[in-house]
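These notes concern the structure reproduced below.
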Amino acid sequence: MIQFEQVGKRYSNGHVGLHELSFRARRGEFLFVTGHSGAGKSTLLRLLLALERPTSGKLLLAGQDIGSIRNSEIPFLRRQIGVVFQNHHLLFDRSVFDNVALPLQILGLPRDEIRRRVDTALERVSLQEMGELLPSDLSSGQQQRVGIARAVVHQPALLLADEPTGNLDPRLAAEIMGVFEDINRLGTTVLIASHDLALIARMRHRLLTLQRGRLIGDGEAA
Ligand code: ADP
Ligand code: ADP
């Protein structure tokens, strides 16, 4: 699903985001990326989304070379990917249903198809029956679930998350990680950037550790 081959990213100001990073992830894997601030976690995610281009090496997603992808192909690339943010970026003046429906409306799907897929996505995060509420009616954990539903509603092959539990207490954080595991069990590849090592250690998934742009660990979290 993901193949980094000696991928380097040097920013125009000279900062090195990643230094010859190599790893592969199979379709259906669940993996964490950790490291201190500045280690390169966001750079890795932004390269996968083609928000940044590698300055060296080769980066493949589902066999497609995204280091040299044409700009016109980027929307098709992004359709294969869902993204969950720390602050979920919900629209607070729209209902839960509308927030989750947004990516499908952008794709121009028919209304009944949108309704069916949004209902399924809300069910997957245990928020069925909550579509008509506003995000402000929900707890922070539920709001993050809405963010996850919106990220998977277009059925992406890959789900990326950047510190998805950063604002949650430990109990809620563990619950949200359980939601990611549920989604992974249905076949979606999941890659989560996090520096919550205590939580990661309990989950026993593959863990990539970055330090100043270099991969210094790759194995089951312990
Ligand atoms: P975090 O540790 O939460 O990942 P960072 O401080 O590394 O946060 O990055 C936050 C944002 O600031 C990112 O989008 C990143 O692209 C940007 N950023 C980080 N370092 C620089 C920099 N030296 N120059 C410009 N933008 C930067
Ligand atoms: P993390 O997400 O692990 O905090 P980042 O990928 O944000 O790490 O940062 C890795 C390195 O790249 C840092 O030295 C950071 O300052 C630099 N960096 C990140 N984004 C930018 C940017 N947009 N412009 C310049 N330097 C950046």
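The values are calculated or read from the model by the stated rules, or taken from the named source; none is laboratory data. Bear in mind the structure is a predicted one, so any value in this text is a computation, not a measurement. When we count neighbours, we look across all protein chains shown, and the Cβ atoms used for this are built from the backbone with ideal geometry, even at glycine. These accessible areas exclude ligands, DNA and RNA; they are computed on the full protein's heavy atoms, side chains included. Shrake-Rupley method; radii C 1.70, N 1.55, O 1.52, S 1.80 Å.
Compute the Kirkwood hydrodynamic radius of region 79-127, taking the inverse of the mean of 1/r over all pairs of distinct Cα atoms, and give it in Å to one decimal.
Across region 79-127, the inverse of the average 1/r is 11.7 Å.
Please state the charge dipole magnitude for region 1-97, taken about the Cα centre, from unit charges on C-beta atoms (+1 on K and R, -1 on D and E), reported in debye and rounded to the nearest 20.
My answer is approximately 80 debye.
If I model a spin label as a point 7 Å beyond the Cα along the Cα-Cβ vector, how far apart are those points for Glu73 and Arg46 in nm?
2.2 nm
Using a 1.4 Å probe, what is the accessible area per residue for the chain, in Å²?
With the other protein chains kept in place, the chain gives 49 Å² per residue.
Dividing the Cα radius of gyration by the Kirkwood radius, what Rg/Rh value follows for region 167-222? Before the final figure, lay out the partial values.
Values: Rg = 12.0 Å, Rh = 12.3 Å.
Taking Rg over the Kirkwood Rh, I get 0.98.
What's the carbon and sulfur percent of region 95-164's accessible surface, probe 1.4 angstrom, rounded to a whole number? Spell out each step's value before the answer.
Values: 1420 of 3070 Å².
About 46 percent, which is the carbon plus sulfur part of the accessible surface.
Ratio to report: Rg/Rh of the chain, with Cα atoms as the point set and Rh obtained by the Kirkwood method; give two decimals.
Working: Rg = 17.3 Å, Rh = 17.9 Å.
That ratio is 0.97, to two decimals.
State the percentage of accessible surface on region 1-66 attributable to carbon and sulfur atoms; use a 1.4 Å probe and exclude ligands, DNA and RNA.
Reported share for carbon and sulfur atoms: 44 percent.
What accessible surface, in Å², does a 1.4 Å probe find on Lys41, ignoring ligands, DNA and RNA and rounding to the nearest 10?
Here the residue's solvent-accessible area equals roughly 20 Å².
Computed on alpha carbon atoms, what radius of gyration and Dmax characterise region 42-120, expressed in Å?
In order Rg, Dmax, the Cα atoms of region 42-120 give 15.3, 45 Å.
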